[in-house]
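Shown next, in C-alpha cells, is the structure this report addresses.
Values quoted throughout were computed directly from the atomic coordinates according to the rules given, and no laboratory measurement underlies them. Note that this is a predicted model, so its numbers are computed, not measured. Heads up, the Cβs are rebuilt from the backbone with ideal geometry, glycines too, and the neighbour counts pull from every protein chain shown.
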Amino acid sequence: MHDKKFILIARSLSIAEQKRFGVFITSAYFNKNQNLVRLWEFVQRYAPLFDHPKLTDQRAFAVVFGQLPYDPDAITKLLNKLFDLFKTFIAHNGLDEHHTDPTQANANFKEQLRLIDFYSQRLPRYAAAAIAKAEQLRQTLPLRDAAYFHADFELSTLRAAYLSATRDKSDIGLGDALQKSEIYYLVNQLYLACLLVNQGGIANLDTQL
C-alpha cells in the first residue's frame with residue numbers, strides 16, 4: 001500500500017492538514033460512505049510517514065470489511081475514492097467564499113488548478129499530467145468571458161512555474177524564456193484587466209466568441 005497515490009499524497013500533508021481532511025471526510029455533506037471513514041482512520045494510525053510494515057491492503061480490508069473474503073480490488077477502489085475526496089477537499093479549502101462558479105465545468109477546472117498547485121509544490125511527478133488534464137478541461141468551459149481568460153491566465157502561470165522549477169536552465173527555448181519573463185506576466189495582467197473592464201458586455205453575448 002505504501003506506493004499508492006493516495007498514500008503518497010497523505011504523506012505530503014502536514015499534521016494540521018491531515019486533521020482537517022479527517023474532519024472533512026466525516027462530514028455527511030461531502031461524504032456518505034462510512035467505509036471511506038474507516039479506511040482513513042486505519043491509514044491515519046501510521047501518520048505522519050505512512051511507511052509502517054502493518055500498513056497493508058490486507059489489514060486495511062480487514063478493518064473496513066471485517067470477515068469478508070479478501071478482495072484487493074475493493075481496497076484499490078476505496079483508495080481511489082479517497083483520492084477523489086481529497087481533490088474535493090483541496091478545492092473546498094481554496095474556494096473564495098464570495099465567488100461561486102456558474103457551471104460545473106468551471107468548478108472542475110478550478111479544482112484541477114488547485115491540484116496542479118498542490119502537486120507542483122509537493123508531488124512534482126504528478127504535476128505534468130494534471131496540467132494536461134486542466135488544458136483539456138479549459139476547452140470545455142462554455143463561455144469565453146472574463147472568467148475564462150482569468151482561468152487561462154491562472155493555468156499559464158502555474159504551467160510556467162512548474163516548467164521553471166523542473167526544466168534544465170541550460171535548455172530553455174525562446175518561447176519558454178518569454179513565458180518565464182516579467183514582461184509576459186505583466187502583459188497577461190494587462191490583458192486580463194482589459195477583459196474585466198468589458199466583462200459586462202462579454203458576459204451578455206448570446207454566442208460563444
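Summary of packing: across the peptides 72-81, 3-12, the per-residue average of other C-beta atoms within 10 Å ranks them, highest first, as 3-12, 72-81. Where a ≥ b ≥ c are the square roots of the eigenvalues of the C-alpha gyration tensor, would you call region 1-89 rounded, which needs a/c under 1.5, or, failing that, prolate if a/b is larger than b/c, or oblate? Note, shape of region 1-89 comes out oblate. The mean sequence separation of alpha-carbon pairs under 8 Å and at least six residues apart, normalised by the residue count of region 1-94, gives a relative contact order of 34 percent. Ignoring lysines fewer than eight residues from residue 54 along the same chain, the ones with Cα atoms less than 23 angstrom from its Cα are 4, 5, 19, 77, 81.
Scoring 127-133, 18-24 by mean Cβ neighbours within 10 Å over their residues and listing the highest first yields 127-133, 18-24.
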